[in-house]
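Take a look at the structure below.
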């Protein structure tokens, strides 16, 4: 499965091993044979999209602030991180992630539709 694939499943919750197709039309046309369904039985269709990455400056700063609350003195202010520093950190993290291919190893399934095998 890759981003942009149209996937089908018998179970709306289980997409891990779902058959994937280049087009919506092909996925629908092959649903009965791929999933072993009879006319009138339901199946689900969705498009695979790249999952959003948790890696970003906002999350790093949130962890720093949490660290300050957990470990810093009572009433401490935590970390001061300017907007410019956040933008720079986002650029650095994005560069690092692309260089090392750090990305979610799953896809989100968008536009899920319940369809029925035609008679």
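Worth pointing out:
- Calculated mean residue ellipticity, 222 nm, the chain: -12000 deg cm²/dmol, from DSSP H runs (n ≥ 4) at -39500 (n - 2.57) each, averaged per residue and rounded to 500.
- Stokes-Einstein diffusion coefficient of the chain, Kirkwood radius over Cα pairs, 20 °C, 1.002 mPa s, in µm²/s: 122 µm²/s
- Distance from the C-alpha centroid of the range 65-99 to that of the range 27-44: 49 Å, rounded to the whole angstrom.
- In range of the label at residue 97: residues from the range 47-68 whose backbone nitrogen is under 16 Å from the point 7 Å along Cα→Cβ: 49-63
- Largest GNM mean-square fluctuation across 31, 46, 68, computed for the chain with C-alpha springs under 10 Å, falls on 68.
- Cα extents of the range 57-99 along the three principal axes, largest first (Å): 40, 18, 9
- Between residue 53 and residue 22, the FRET efficiency estimated from the beta carbon spacing at R0 = 25 angstrom works out to 0.50.
- With Cα atoms, 0 to 90° folded angle of helix 24-35 axis to the chain main axis: 70 degrees
- Maximal additional length on extending the residue 65-residue 81 stretch stands at 4.8 nm, based on 0.36 nm per residue less the C-alpha distance.
- Once the Cα atoms are used to define both axes, helix 83-99 deviates from the longest principal axis of the chain by about 50 degrees.
- In percent, rounded to a whole number, the relative contact order of the chain is 35, using alpha-carbon pairs under 8 Å and six or more apart.
- Helix 57-71 axis, angle to the chain major axis (alpha carbon atoms, nearest 10°): 50 degrees
- On the principal axes of its alpha carbon atoms, the range 1-40 extends 29, 22, 12 Å, with the longest extent given first.
Computed from the coordinates by the stated procedures, all read-outs in this text should not be read as laboratory data. Just so you know, these numbers come straight off a predicted model, no measurement behind them. Glycine gets a Cβ as well: all are built from the backbone with ideal geometry, and neighbour counts include every protein chain shown.
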